[in-house]
Amino acid sequence: MNQEQQSSLAVASQNDAPDMGTLPIKPCVLLVEDDRSVRRYLEVTLQRSGYRVLTAADGLEAMKLALSSTVDVVVTDAIMPNLSGHQLARFLRSNAKVSSLPIVLLTGQENREPNALPDAQIDAFLYKPVNAQELTNCLSVLLTKRRPPKPKP
């Protein structure tokens, strides 16, 4: 098959595609994890559960994506290079454009004191290794009760 035939086939299949206006829009998760294998596992898990996923390897990359993309929820590792999950959460809460995004913090620190948990910047904590069902259930709950947007000064 030559290139012209491939192009016409692609156009034909696009024309046969269902109307995008009738398909429900999948929620978009910004997944921030510095461990490549964990990031890939969570990305595939979320995609199989019906989410669109944007990935970032650290908090700085996540900041850029959060400001330049349409994101519905953030799932971030707690400890990462360049910018931690806690620092990312503080940034997101201080920026009017993204301050209402639900934030899930993933942590491997299981023996934390309850009063050592950060303030209300984090909506949910999940401990590593993350159970796929627990993560998707958590996201469903958070997406149904999103924070109200921060009032403009």
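The values are calculated or read from the model by the stated rules, or taken from the named source; none is laboratory data. What you are looking at is a predicted structure, and each value in this text was computed from that prediction instead of being measured. A quick note on method: Cβ atoms are made from the backbone with ideal geometry, for glycine too, and the neighbour counts reach across all protein chains shown. Please note that ligands, DNA and RNA were not included when accessible areas were found on the heavy atoms of the full protein model with its side chains. Shrake-Rupley method; radii C 1.70, N 1.55, O 1.52, S 1.80 Å.
For residue 94, state whether it is modelled with pLDDT of 90 or more and out of contact with any Leu (no Cβ under 9 Å at 6 or more places or on another chain).
yes
Within segment 33-45, can one find any residue that is modelled with pLDDT of 95 or more, outside any helix (DSSP H, G or I) and closer than 18 Å to residue 138 by Cβ?
yes
If you take the residues of segment 74-84 that are farther than 19 Å from residue 136 by Cα and touching a strand residue (DSSP E or B) at 6+ places or on another chain (Cβ under 8 Å), which of them is most open to solvent (accessible area, probe 1.4 Å)?
79
Just the residues that are without any contact (Cβ under 8 Å) to a residue 40 or more places away in the chain and either in a loop (DSSP other than H, G, I, E, B) or of a type in the set (S, T, N, Q) (or both), please, taken from segment 80-110.
Selection gives 82, 83, 84, 87, 94, 95, 97, 98, 107, 108, 109, 110.
Is there any pair linking a residue in segment 39-55 that is touching a residue at least 60 places away in the same chain (Cβ under 8 Å) and open to solvent by 60 Å² or more (accessible area, probe 1.4 Å) to one that is of a type in the set (Lys, Arg) and outside any strand (DSSP E or B), with Cβ under 8 Å and at least six apart or on different chains, and which?
Listed pairs, sorted by first residue: none to list.
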